[in-house]
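J.: The structure follows.
Nothing in this text is a laboratory measurement; each read-out follows from the coordinates by a stated rule. Worth saying up front: this structure is predicted, and the values here are computed from it rather than measured. For neighbour counting, all protein chains shown are included, and Cβ atoms are generated from backbone atoms with ideal geometry for every residue, glycine included.
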Amino acid sequence: MQVKIKHEQIGQAIDLLFHLSLKGKQSRHRTTFIKKLTERLHEVEGQRNDLAKEHSFLDEEGNPKMLDNGKRYDIKDMEAFQKDVQELYEEELVLEGGDNQRMLTTVKEVLLNSDESYSGKKALTYDYLCEQFEEADLS
């Protein structure tokens with residue numbers, strides 16, 4: 001089984017999974033899955049930060065210029081920056097079987113057999129995750 005999650009969906013996936021009420025193996029495997037998602041989320045945030053620095057004006061010392069008392073970078077070309085960020089967010093985290101097989105199978109069962117009610121963004125995230133796990137079975 002190979003599950004692919006777009007970078008732009010990772011934060012919402014973590015939030016949805018975190019709030020499920022689970023016990024035993026399901027809870028342990030969910031936690032392992034969340035840890036893997038969180039690790040990638042931190043990597044993506046770091047890469048986005050690197051892109052911001054790369055697209056920023058530099059000060060006399062070669063450091064990125066900051067605005068709003070150091071809260072955001074002074075971006076040279078916002079359109080180019082946003083294009084690069086969107087490209088980053090379109091990339092995927094790929095989790096494959098092997099050591100992850102049992103965890104992926106458990107998380108899939110939890111999602112597909114969930115009795116939870118979702119609305120709004122959570123409903124979209126739930127649908128996205130179910131689709132990704134269903135597609136994993138087809139590949």
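J.: I'd like the residue in the stretch 14-46 that is in contact with a Leu (Cβ under 6 Å, 6 or more places away or on another chain) and touching a residue at least 24 places away in the same chain (Cβ under 8 Å) and, out of all such residues, is nearest to D99 (Cα to Cα). Don't jump to the end; show me each part of the working.
T.: We begin by selecting, within the stretch 14-46, every residue in contact with a Leu (Cβ under 6 Å, 6 or more places away or on another chain); these are 14, 30, 34, 40.
From what's left, touching a residue at least 24 places away in the same chain (Cβ under 8 Å): 14, 30, 40.
Working: I14: 20, R30: 15, R40: 18 Å.
For the stretch 14-46, the residue satisfying everything is R30.
J.: Which condition number in (1) surrounded by 14 or more Cβ atoms within 10 Å (Cβ to Cβ); (2) without any contact (Cβ under 8 Å) to a residue 12 or more places away in the chain; (3) in contact with a Lys or Arg (Cβ under 8 Å, 6 or more places away or on another chain); (4) not aliphatic (A, V, I, L, M) is the one that H55 fails?
T.: Of the numbered conditions (1) surrounded by 14 or more Cβ atoms within 10 Å (Cβ to Cβ); (2) without any contact (Cβ under 8 Å) to a residue 12 or more places away in the chain; (3) in contact with a Lys or Arg (Cβ under 8 Å, 6 or more places away or on another chain); (4) not aliphatic (A, V, I, L, M), the odd one out for H55 is (2).
J.: Same structure, new question: From the residues in the stretch 58-97 that are touching a helix residue (DSSP H, G or I) at 6+ places or on another chain (Cβ under 7 Å) and among the β-branched types (V, I, T), which one is surrounded by the fewest Cβ atoms within 10 Å (Cβ to Cβ)?
T.: V85
J.: For the stretch 47-73, give me each residue that is assigned to a helix (DSSP H, G or I) and touching a Leu at 6+ places or on another chain (Cβ under 9 Å). Outline the logic, then answer.
T.: Going through the stretch 47-73, the residues assigned to a helix (DSSP H, G or I) turn out to be 47-54.
Once the filter is applied, which keeps residues that are assigned to a helix (DSSP H, G or I) and touching a Leu at 6+ places or on another chain (Cβ under 9 Å), the stretch 47-73 yields Q47, R48, L51.
J.: From the list Y118, Y89, pick out the single residue that is in a loop (DSSP other than H, G, I, E, B) and of a type in the set (F, W, Y). Before you say what the answer is, go through the steps one by one.
T.: On the way: Y89 fails: in a loop (DSSP other than H, G, I, E, B).
On inspection, the qualifying residue turns out to be Y118.
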